[in-house]
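Take a look at the structure below.
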Amino acid sequence: MSGTFVGMPAFPVAAREAVRDATLRRNLRHATRTIRDRRARAVDELSDWAQLREAGRRIKDHTLRHLDHYLLQLEESVTAAGGTVHWAADAAEANRIVTDLVTATGHREVVKVKSMATQEIGLNEALAAEGVRAYETDLAELIVQLGDDRPSHILVPAIHRNRGEIRDVFARRMGDWGRPAPDGLTDAPAELAEAARLHLREKFLRARVGISGANFMVAETGTMVVVESEGNGRMCLTLPETLISVVGIEKVVPTWQDLEVFLQTLPRSSTAERMNPYTSMWTGTARTPDGDGPRAFHLVLLDNGRTDTLADEVGRQALRCIRCSACLNVCPVYERAGGHAYGSVYPGPIGAILSPQLRGTGSAVDASLLYASSLCGACYDVCPVAIDIPEVLVRLRERVVEGGPVVRRGTRVVLRPARGHAAERAAMRVARWAFTRPTALAAGQRLASRTRRLHPRRLPGPGRAWTAGRDLPPVPPESFRDWWRRTSGGRDTGPGTTDGTDRGATA
């Protein structure tokens, strides 16, 4: 990827600041709870949701195993339909391709459909460096752009803003980017939407170049698919003469029949709708002079760390992601810390496993993202393609602590164990030794029980990193093993108990 957000500290530092912002937490709490409650109702309407989820997982896994085949088929299909395919190994190459294509048209303005891939590579900044101004047309992305802000959510980039803040941004900055906000603008949703509509209308009618991503690409026909809720995407995809789509290579699906599964699961998991208000599909270029759609279509297939991620049999699950954001809306960490703390355009649980794989774990931000989770598993439960995010997090944590083989830029290298984890590695070796020796484990448990009143709530030395955010759990008066022996497995409760349990018994 093009790098973390400039100046972003590691996740624990950024999150500590975020949780002190009462307004941010209130905005996030209201928005995420509203979205996830609506999603739950929408999913419950389908009796075959579990089967759709499993079908989506299998389609994605099959496609990833045969990605080389389907990408070549996609290239052939797009070319046959009149489009041009470009391959970009990294962000720099993708930005160079797109800026060259835009400047070749002679135009200095582009309109954009909401695109995570173009945010990932920093395309707007690359275009600005060449004198090209990119206008975001999604309402939330417009709010972020006008406010010199950063997106904090995959689906709702301005989720951290309330209506009053949005009104202030519109009133202060709209005039710098085009048509100013109306005088006397209030924070009523209808007025804010109308101000954005009037501001964007002139850009739609004037633009000759459009830039988009794609939610899916159908290999058998070369068809691009964009799903959205506002209609701005339809305007960007049909009015410009030149359309450039930057899409991650993992977004391909083999057939239209496969696409059907995701057009059922994505809307319900993202916006809690039975179907998207706008589902735009295009194949190549307009075939007739007076037909709708672009006269020139360019598809930029973006790798940028994806084939490296594909090489990890556990970590490649992240490439199934269809960017629904359901995992963000149920995550207790995201709800309290917000998206900016993740230092990436991919926040939340999916960002915690995707960003470190695409970018590596060399920066403090990326290394810390692996620990931005309670491992509660709520993200896995709601994922429409069954990405086991906790499993991947544990795998990546192991890689950071223990080191080992990994693929970087197509080459297999061996990572050294990260600094600062020596005590953790030593503790795990001691635990492994004890757990494989029942007599030693039992002796340690009895010693811990008898000295429990002397135990501190915080660990000293290297252990401080673990107890800085949590209390040590109290040690029970006896181990489960001793309780079982004393009570004959709960049948003989003994004095002081009536329900077959002991106040201090624990597993």
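Could you list all residues from segment 110-157 that are among the basic types (Lys, Arg) and more than 22 Å from residue 250 (Cα to Cα)? Can you show your working first?
Residues of segment 110-157 that are among the basic types (Lys, Arg), as a first pass: 112, 114, 133, 150.
133, 150, listed by residue number.
Entry remark, segment 284-320: residues being over 22 Å from residue 104 (Cβ atoms) and part of a loop (DSSP other than H, G, I, E, B) number 12 in total. Pairing residues of segment 267-280 that are at positive phi with residues that are open to solvent by less than 20 Å² (accessible area, probe 1.4 Å), at Cβ distances under 9 Å and at least 6 apart in sequence or on separate chains, gives 272/42; 272/43.
Of all the criteria given as (1) closer than 15 Å to residue 240 by Cα; (2) open to solvent by less than 50 Å² (accessible area, probe 1.4 Å), the one not satisfied by residue 295 is (2).
Keeping to segment 366-405, report how many residues are more than 29 Å from residue 54 (Cα to Cα), in contact with a Ser or Thr (Cβ under 7 Å, 6 or more places away or on another chain) and not in a helix (DSSP H, G or I). Don't jump to the end; show me each part of the working.
At the first step, the residues of segment 366-405 found to be more than 29 Å from residue 54 (Cα to Cα) are 366-368, 400-405.
Filter again for in contact with a Ser or Thr (Cβ under 7 Å, 6 or more places away or on another chain), leaving 366-367, 400.
Now drop any that are not not in a helix (DSSP H, G or I), which leaves none.
Qualifying residue count for the region: 0.
For segment 412-443, the set of residues classified as under 30 Å from residue 303 (Cα atoms) and either at pLDDT 80 or above or open to solvent by 90 Å² or more (accessible area, probe 1.4 Å) (or both) consists of 412, 413, 414, 416, 419, listed by residue number. Sub-8 Å Cβ pairs linking a first residue in segment 448-464 that is on the phi < 0 side of the Ramachandran plot to a second residue that is among the acidic types (Asp, Glu) and assigned to a loop (DSSP other than H, G, I, E, B), at least 6 apart or interchain, are 449/478; 457/471; 458/471, ordered by first then second residue. Residue under question is residue 103, and the condition is that it be open to solvent by less than 10 Å² (accessible area, probe 1.4 Å) and polar (S, T, N, Q); does it hold? Answer is no for this residue. Find all pairs meeting these conditions: Cβ atoms under 7 angstrom apart; at least six residues apart or on different chains; first residue within segment 65-80 and open to solvent by less than 80 Å² (accessible area, probe 1.4 Å); second residue of a type in the set (Gly, Ala, Ser). Between residues of segment 65-80 that are open to solvent by less than 80 Å² (accessible area, probe 1.4 Å) and residues that are of a type in the set (Gly, Ala, Ser), the close pairs are 70/219; 73/219; 74/219; 74/222; 77/219; 77/222; 78/222; 78/284. Filtered by the rule that a residue be assigned to a helix (DSSP H, G or I), over 26 Å from residue 90 (Cβ atoms) and among the β-branched types (Val, Ile, Thr), segment 226-282 gives 238, 261, 265.
Output yes when any residue across segment 380-390 is small (Gly, Ala, Ser) and modelled with pLDDT under 90, and no when none is.
Pass one, segment 380-390, residues small (Gly, Ala, Ser): 386.
Now narrow it down to the ones that are modelled with pLDDT under 90: none.
No, segment 380-390 contains no residue that is small (Gly, Ala, Ser) and modelled with pLDDT under 90.
Run down 386, 364 and say which single residue is crowded, with 17+ Cβ neighbours inside 10 Å and either farther than 15 Å from residue 331 by Cβ or in contact (Cβ under 8 Å) with a residue 40 or more places away in the chain (or both). Walk me through it before giving the result.
On the way: 364 fails: crowded, with 17+ Cβ neighbours inside 10 Å.
The unique qualifying residue is 386.
Contact annotation: residue pairs with Cβ atoms under 7 Å, 6 or more positions apart or on different chains, pairing a residue in segment 16-34 that is within 11 Å of residue 160 (Cα to Cα) with a partner that is open to solvent by 90 Å² or more (accessible area, probe 1.4 Å) and part of a helix (DSSP H, G or I), are 25/336.
Looking at the structure I just gave you, is residue 329 outside any helix (DSSP H, G or I), open to solvent by less than 20 Å² (accessible area, probe 1.4 Å) and more than 22 Å from residue 232 (Cβ to Cβ)?
On the way: outside any helix (DSSP H, G or I): no; open to solvent by less than 20 Å² (accessible area, probe 1.4 Å): yes; more than 22 Å from residue 232 (Cβ to Cβ): yes.
Criteria not met by residue 329.
Taking residue 169, is it at pLDDT 95 or above, more than 23 Å from the chain's Cα centre (by Cα) and in a helix (DSSP H, G or I)? Here the answer is yes, as residue 169 does meet what is asked.
Here is the figure for segment 463-484: residues that are open to solvent by 30 Å² or more (accessible area, probe 1.4 Å) and either under 23 Å from residue 426 (Cα atoms) or modelled with pLDDT under 80 (or both) total 11.
Listed here are the residues, each with its yes/no results for (1) within 25 Å of residue 355 (Cβ to Cβ); (2) modelled with pLDDT of 95 or more; (3) touching a Lys or Arg at 6+ places or on another chain (Cβ under 9 Å).
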site: 49; (1), (2), (3): no, yes, yes
site: 62; (1), (2), (3): no, yes, no
site: 72; (1), (2), (3): no, yes, no
site: 84; (1), (2), (3): no, yes, no
site: 88; (1), (2), (3): yes, yes, yes
site: 91; (1), (2), (3): yes, yes, no
site: 96; (1), (2), (3): yes, yes, no
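Of the set (1) crowded, with 16+ Cβ neighbours inside 10 Å; (2) within 23 Å of the chain's Cα centre (by Cα); (3) of a type outside the set (A, V, I, L, M, F, W, C), all apply to residue 86 but (2). For segment 198-255, the candidate set comprises residues that are of a type in the set (Ser, Thr, Tyr) and in contact with an Asp or Glu (Cβ under 6 Å, 6 or more places away or on another chain); within that set, the residue that is modelled with the highest pLDDT is 255.
Taking the criterion of being closer than 25 Å to residue 271 by Cα, of a type in the set (Gly, Ala, Ser) and open to solvent by 60 Å² or more (accessible area, probe 1.4 Å), the only residue of segment 154-201 that qualifies is 190.
The values are calculated or read from the model by the stated rules, or taken from the named source; none is laboratory data. On a predicted model such as this, the values are computed, not experimentally measured, just so you know. For neighbour counting, all protein chains shown are included, and Cβ atoms are generated from backbone atoms with ideal geometry for every residue, glycine included. Each accessible area value is taken on the protein alone, full model and side chains, heavy atoms only, with ligands, DNA and RNA left out. Shrake-Rupley method; radii C 1.70, N 1.55, O 1.52, S 1.80 Å.
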